[in-house]
Amino acid sequence: MSYLADDRKNETYLLMGNEAIARGALEAGVSVAAGYPGTPSSEIIETLAEASNQRKLYVEWSVNEKVAMEVAAAASFAGLRSLCVMKQNGVNVGSDFLLHLAGSGTRGGLVLVHCDDPGALSSANEGESRHFARLVEIPLLEPGDFQEAKDMIKWAFALSEEIKSLVMVRSVTRLSHASGNVTFGQLPENDSKAYFRHGGTFLDPLEGPLISLPVAYKHGQQQEKLRQAVDRFEDSSFNIYSGPEFPELLIVTSSACHLYSKEAINLLGVEDRVGLLKLGTTWPLPPKLMRKQMGRSDKILVVEEVIPFLEENVKILVAELAPEIGIKTFFGKKEGTLPKVGELNPDLVLDAVSKILQIDYEPAPQAYIKRAGELAAVAAPGRDLIFCPGCPHRASFWSIHNILQMDGRDGFVCGDIGCYSLAMLPTGFGTLKTLHAMGSGTGLASGFGKLGRFGMDQPVLAVCGDSTFFHAVLPALVNAVHHKSNITLVVLDNSGTAMTGFQSHPGLPVDAAGKEAPSIDISGVCESIGATVKVCDPFKLEDTQSTLLNLLEKETGVKVLILRQICALSPEKKSKKMYDMKIDETTCLGENCGCNRLCTRIFKCPGLIWGKEEKVAKIDDVICTGCGVCASICPSGAIIKKEVA
Amino acid sequence: MEKTPLASDPYNLVITGVGGQGNVMASRVLGNMMSRKGLNVTIGETFGASQRGGSVMSHLRISSETSWSPQIPKGKAHMIVALEPIETVRVLRDYGGPETRVICNTRPIHPVGVISGDQVYPSLEELRNWIKELTATAWFIDATDAAVRLGDPIFGNIMMIGALAGVGDLPMDRSDFEAVISQGMPKPKVEANLKAYDMGLELIEAV
Ligand code: SF4
Ligand code: SF4
């Protein structure tokens, strides 16, 4: 039972931004929600999936983001309110559908929530998706705090329904994964019925077929919808100005950056000099409101993450308004007052404002900052990201890495997106040599595998996880089989979407709400398209390695090695150890070990530590999960595993 | 207006540690305790990749007036609760100032660079001195050790919350703690967590 799915009107709770978004959807009477997991967006669907056990609501983890958009759109076409959720990259995946959807229009309220990750705190890039709103010509909203995250979703549904267009709502990591107080509104009873009307003419948006043709007509309609949205934006309560009537400097901002700006103004004590225009409706910008605010200040600082999207749109508007409001001086990313890459924080905004207003500011006494910096340099060695203790990927990459070396033909592995992306780093022995979008590892391998006639004779491998396999690897694998590309795909099947917290996917026998669902067998799928398939337990190093070596040396065409072992963090595994581990200190050769401390210097499971005084390896019982793998690593047999009774 | 129950307003607190130590849970529990007191709470944290052995931080902003940014401005932390000693210094570098106070769990978690011998982990003696030098007050407790005695090292995070209650900067009530952790936790687990909380309180009083 989740309190988020109880009425509790007017009660206030500490909610994560993503929970606030989910609550907003519930308060809007959402009927269908679909998404694909991706940090920082995953908790929205998770929360709704839990709520679906209490309320009339269908929630799914779709196979990928494009399908999620389509599933949500179908509900809208049938007259229901529906939500689709993804991280930024997902919008790229779904964008082909997005463009057509903008053209065809929608019926029941349809809201796309996308969570961007400025600074790439948990992503392989810091790309953002606000520009899709401009590209496909649909409205864009950006909540500025937690309460707004909830309230704005509700408003977005109403807006979408009024103008019959998809509405985008953008969150960022610092909202989605931050928490703040949110006061609940009412939860409606959901008595909506689904029915798809399709008997009318092509030109009838409510009764006809839903398509983006005839293009000129539908495109014109779409622009009319945007105009209607702008009208509502002009007096939206999500656009808030605070500060003096005629500020020396006007900050225009949105999203989490508004909180940073507020903080900067406060710390500098410049409330009477700087105005803050927080926009919640960021595309298209409402011109009347902008004219009023920008007419009152000569200097404008635009604070946003990551690309200067708002800045460019504001500048276009100011150019158009120049005859009325005069020429303005802009500060922001373009001119360089704010950094062009990475996420912002209160200090970066503070720095920008203090430069523009020529105020001196010190966060702490200079001597303190200097000394703390010196000490941190010696006292706080950095922490590289690593696979968890007992992670099956460490064992898998140990085998892949060693076999590639043994094979001796300079083979390489194309990487993919998941925990195993970390195999770029020493924790995975630097095994991955490319890393791009979901499914790209196999697509690249498919291409590399065809370069034989140009003299390329290096073995080509790709890896992917079980969830990624279904998301985007499958078409690439089909491509490789059909074109007789000579590659080996290693599927790291750890029974879940580990990176983002064990969401379900089509390979598992459960769905998003934890109910039983038919699972699709990866090895069966691969066999049916004609690949040579082997399955091993990566914890059995010898077996895995000889199987892989055989595949590389003896077989041609597409080979698939499925390494099956549950993630160390999975709830079913976490509480129990398979083995009690100990080091036989008399057998461990320590510094004299010919292996050059293979265990702690190369294999580096954090459960193994180096006893500085004793000069032998030790097991850290607090960290070791008892997977037993390191016992097979030590050439002297000094690491001993004993089965836990 | 009622006088704020906080030592400073906003009260800025960092909970830091290494991915997997229960940072997020600790910050949520404390945040909910403060929220029950009617205070405005903002928590900023990152999870995802950094949970894989990286340094993690939760920023708590507690105020009786308004909500603040999910990132504490540089130099403005009033309190650092550290689940791992070297993380204390890392946080002090960015968010510390001469007035900052620290509660530090003394159990090290070695970065891979240290395990492999490429980096050096300082001695606890050195760490203590450096942390003292950079703070107004520093308490050192072996929470992991006490948690292991309680049956699971993961209780270390709750023990640190108990210890924070002992410092008295925040209006932390044991009854709020119990109410917060009882949400969605089976009874025996609640008992164990209450014990951890109390042990934390005792540990800090014994320093
Ligand atoms: S979460 Fe699972 S798959 Fe990911 S690094 Fe940890 S053990 Fe490995
Ligand atoms: S058994 Fe060895 S490899 Fe497995 S978690 Fe423990 S120390 Fe790490």
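Give, ordered by residue number, each residue of the range B:101-127 whose 1.4 Å probe accessible area is reduced by a minimum of 50 Å² on adding the remaining protein chains to the chain alone.
Output list: B:R107, B:V112, B:I115, B:S116.
For A:K56 and A:D204, FRET efficiency with R0 = 22 Å and r from the beta-carbon atoms, rounded to 0.05?
The computed FRET efficiency comes out at 0.15.
If amide hydrogens are placed 1.01 Å from N in the peptide plane, which non-local residues have theirs closer than 5 Å to the one on A:L301?
Residues meeting the amide H criterion: A:L250, A:I251, A:V252, A:F331.
How large is the translational diffusion coefficient of the range A:579-643 in µm² per second when you combine the Kirkwood radius over alpha carbon pairs with Stokes-Einstein at 37 °C and 0.692 mPa s?
287 µm²/s
Roughly how many Å² of A:R383 are accessible to a 1.4 Å probe, to the nearest 10?
30 Å²
Per residue, how much accessible area does the protein assembly as shown have with a 1.4 Å probe, in Å²? Let's see the in-between values first.
Working: 32630 Å² over 852 residues.
Value for the protein assembly as shown: 38 Å² per residue.
Each residue of the range B:73-78 in order: what ³J(HN,Hα) in whole Hz does its phi give by Karplus 6.51 cos²θ - 1.76 cosθ + 1.60, θ = phi - 60°, with x for Gly and Pro?
Karplus-based 3J(HN,Hα) across the range B:73-78 equals x, 3, x, 10, 6, 7 Hz.
With every protein chain kept in the model, how would you rank A:I327, B:I86 by accessible area, 1.4 Å probe, largest at the top?
Descending accessible area places them as A:I327, B:I86.
By DSSP, what percent of the beta bridges with both residues in the range A:3-234 are antiparallel, rounded to the nearest 5?
In the range A:3-234, approximately 20 percent of DSSP beta bridges are antiparallel ones.
In deg cm²/dmol and to the nearest 500, what is the mean residue ellipticity at 222 nm of chain A if only DSSP H runs of at least 4 residues count, each as -39500 (n - 2.57), divided by the residue total?
Dividing the helical sum by the residues of chain A leaves -10500 deg cm²/dmol.
List the lysines whose alpha-carbon lies under 18 Å from that of A:K355, not counting same-chain residues fewer than 8 positions away?
Within reach: A:K262, A:K299, A:K328, A:K333, A:K334, A:K340, B:K74.
Would you compute, from DSSP H runs of 4+ residues alone, the mean residue ellipticity of chain B at 222 nm, taking -39500 (n - 2.57) per run and dividing by the full residue count, rounded to the nearest 500?
So the helix-based figure for chain B works out to -13000 deg cm²/dmol.
First measure r as the distance between the Cβ atoms of A:N550 and A:I602, then evaluate 1/(1 + (r/R0)^6) with R0 = 25 Å and state the FRET efficiency to the nearest 0.05.
For R0 = 25 Å, the calculated efficiency reads 0.55.
Largest first, what is the accessible-area ranking of A:R174, A:R232, B:R174, A:R394 with a 1.4 Å probe? Write out the running numbers ahead of the final one.
Working: A:R174 30, A:R232 80, B:R174 105, A:R394 5 Å².
Greatest to least solvent exposure: B:R174, A:R232, A:R174, A:R394.
Considering the dipole of the range A:363-465 built from charges on the beta carbon (Lys and Arg +1, Asp and Glu -1) around the Cα centre, which of A:M456, A:A367, A:V378 is farthest to its positive end?
Of the options given, the answer is A:A367.
Straight-line reach from A:K218: which aspartates and glutamates fall under 14 Å, measuring Cα to Cα and dropping same-chain residues less than 8 apart?
Once the sequence-local aspartates and glutamates are set aside, what remains near A:K218 is A:E137, A:D204.
³J(HN,Hα) across the range A:17-27 via Karplus (A = 6.51, B = -1.76, C = 1.60, θ = phi - 60°), whole Hz, x for Gly/Pro?
With the stated coefficients, the range A:17-27 comes to x, 5, 5, 5, 5, 4, 4, x, 5, 5, 5 Hz.
Given labels modelled 7 Å from the Cα in the Cβ direction, how far is it in nm from A:A216 to A:E189?
5.1 nm
Under 1.5 on a/c is rounded, so check that first for the range A:195-293, then, if it is not, pick prolate when a/b is larger than b/c and oblate when it is not; a ≥ b ≥ c are the square roots of the alpha carbon gyration tensor eigenvalues.
Because a/c hits 1.5 or more and a/b exceeds b/c, the range A:195-293 counts as prolate.
Roll a 1.4 Å probe over the protein heavy atoms and report the accessible area of B:D9 in Å², nearest 10.
Number for this one is 50 Å².
Which percent of the accessible heavy-atom area of the protein assembly as shown goes to carbon and sulfur, probe 1.4 angstrom?
53 percent
For the range B:130-159 and the range B:91-112, what is the separation of their Cα centres, given in Å?
Using only Cα atoms to place each centre, the spacing works out to 11 Å.
Among B:P122, B:I154, B:L60, pick out the residue whose Cα is farthest towards the positive end of the charge dipole of the range B:11-206, where Lys and Arg carry +1 and Asp and Glu carry -1 on C-beta, about the Cα centre.
Final value for the positive-end residue is B:L60.
Any idea what Rg and Dmax come out to for chain A if you just take the C-alpha atoms, in Å?
27.7, 86
5 Å is the cut-off here: which amide hydrogens, built 1.01 Å from N in the peptide plane, fall below it relative to B:V56, excluding neighbours closer than 5 in sequence?
So B:V56 has HN proximity to B:G17, B:V18, B:G19.
For the range A:175-180, take each phi angle, set θ = phi - 60°, evaluate the Karplus expression 6.51 cos²θ - 1.76 cosθ + 1.60, and give the result in whole Hz per residue in order, putting x for glycine and proline.
Here the 3J(HN,Hα) series is 9, 4, 9, 9, 10, x Hz.
Measuring from label point to label point, each 7 Å out along Cα→Cβ, what is the A:L135 to A:I327 span in nm?
3.5 nm
Assuming R0 = 56 Å, what is the FRET efficiency of A:E271 and A:L451, from their Cβ-Cβ distance, to the nearest 0.05? Don't skip to the answer; put the middle values down first.
On the way: r = 63 Å, r/R0 = 1.13.
E(calc), rounded to 0.05, equals 0.35.
Taking a cut-off of 20 Å between Cα atoms, list the aspartates and glutamates near A:K292, but don't count ones fewer than 8 places away on the same chain.
A:D231, A:E234, A:D235, A:E245, A:E248, A:E271, A:D272, A:E311, A:E312, A:E320, A:E324
How many Cβ atoms of partner chains, on average, are near each residue of A:257-270 if near means within 10 Å of its Cβ?
That average works out to 3.
If each residue of separation counts as 0.36 nm, what is the full-extension length gain between A:R409 and A:D298 once their alpha-carbon separation is subtracted?
That works out to 33.5 nm of additional length.
Sorted by accessible area (1.4 Å probe), largest first, how do B:E126, A:E613 line up?
Result of the area sort, largest leading: A:E613, B:E126.
Under the rule a/c < 1.5 gives rounded, and otherwise a/b versus b/c splits prolate from oblate, where does the range A:392-564 land using the Cα gyration tensor?
Here the range A:392-564 falls in the prolate category.
Within the range A:468-494, find all residues whose amide N lies under 16 Å from a label point positioned 7 Å from the Cα of A:Q458 along Cα-to-beta-carbon.
Answer for this model: A:486-488.
Number of Lys pairs in the range A:392-564 with C-alpha atoms less than 19 angstrom apart, excluding same-chain neighbours closer than eight positions?
Lysine pairs meeting both conditions in the range A:392-564 amount to 9.
How big is the B/A interface in buried accessible area, both sides summed, 1.4 Å probe, to the nearest 100 Å²?
Chains B and A together bury roughly 5400 Å² of accessible area.
Report the net charge of residues surrounding A:A194, where surrounding means a beta-carbon distance below 12 angstrom and charges are Lys +1, Arg +1, Asp -1, Glu -1. Please report the intermediate quantities before stating the final value.
Numbers: positive: A:K56, A:R81, A:R107, A:K193, A:R197; negative: A:D191.
It works out to a net charge of +4.
The values are calculated or read from the model by the stated rules, or taken from the named source; none is laboratory data. A quick note: this is a predicted structure, and the numbers were derived from the prediction, not measured. All Cβ positions, even for glycine, are placed from backbone atoms using ideal geometry, and neighbour counts span all protein chains on display. Quick note on the areas: whole protein, heavy atoms, side chains included, nothing else; ligands and nucleic acids left out. Shrake-Rupley method; radii C 1.70, N 1.55, O 1.52, S 1.80 Å.
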